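Visitor: Here's a structure for you.
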Amino acid sequence: MASERQVGGPCQSWPKDSAFIREVLDRIGDKWTVLITSTLSIGRMRYSDLHASIPGISQRMLTQTLKHLERDGLITRTAYPEVPPRVEYELTDLGLSLMDAVMAMAGWAAAHHSEVASNRAASELSGVGRRKSSESASAR
C-alpha cells in the first residue's frame, strides 16, 4: 500500500491567494526592485541620481520598475512644476517595511557571491551540484 505523499511549502498555506502572492513575490524579489528600494532607503532621490546609483540598469528598466513600484504603493513619485522638470522618488511606509527583507537578501548576495561564483564555475566543468539518486547509481 503506497503512502500518501505529503505536500508542503508556503503556497499550501495560501491556496486561494497564491497567484496574487506569487505576483507580489515576483515584484519584490526582482533584482531591480531590490536595488531600487535599497537605494531609496537612504531617502528621497531624483531620477537621474537613482539611475546613476544603480550600475547596469537601463533608463527603460528603471522607468518601468518605478512605475510598478508606484502602482503597488511602495514608492511615491513627486513631480515639481519647474523648468526643467524635477521628479523625486521616495519609499512609502509600505516600501520601508520591506527594507529588513531586502537588505537581508542583498547582504546574503554580497556575503556569498564568491561561493556562488565558484559553484557556477565548478558546475560548468563537472556538473557539481547534481545529485544522483541511489536507484540510478545502483542501476549502473
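Visitor: Which of the residues spanning region 44-99 are of a type in the set (Asp, Glu) and either outside any helix (DSSP H, G or I) or under 13 Å from Thr33 (Cβ atoms) (or both)?
Guide: The answer is Glu70, Asp72, Glu82, Glu88, Glu90.
Visitor: Follow-up. Report yes if some residue within region 41-61 is under 22 Å from Trp108 (Cβ atoms) and touching an Asp or Glu at 6+ places or on another chain (Cβ under 8 Å); otherwise report no.
Guide: No, every residue in region 41-61 fails to be under 22 Å from Trp108 (Cβ atoms) and touching an Asp or Glu at 6+ places or on another chain (Cβ under 8 Å).
Visitor: Out of curiosity, is Ala122 in a helix (DSSP H, G or I), among the hydrophobic types (A, V, I, L, M, F, W, C) and surrounded by 12 or more Cβ atoms within 10 Å (Cβ to Cβ)?
Guide: Values: in a helix (DSSP H, G or I): yes; among the hydrophobic types (A, V, I, L, M, F, W, C): yes; surrounded by 12 or more Cβ atoms within 10 Å (Cβ to Cβ): yes.
So Ala122 fits the description; yes.
We did not get these values from a lab; they are worked out from the coordinates using the rules stated. Bear in mind the structure is a predicted one, so any value in this text is a computation, not a measurement. Methodologically, a virtual Cβ is constructed for each residue, glycine included, from the backbone with ideal geometry; neighbour enumeration extends over all protein chains shown.
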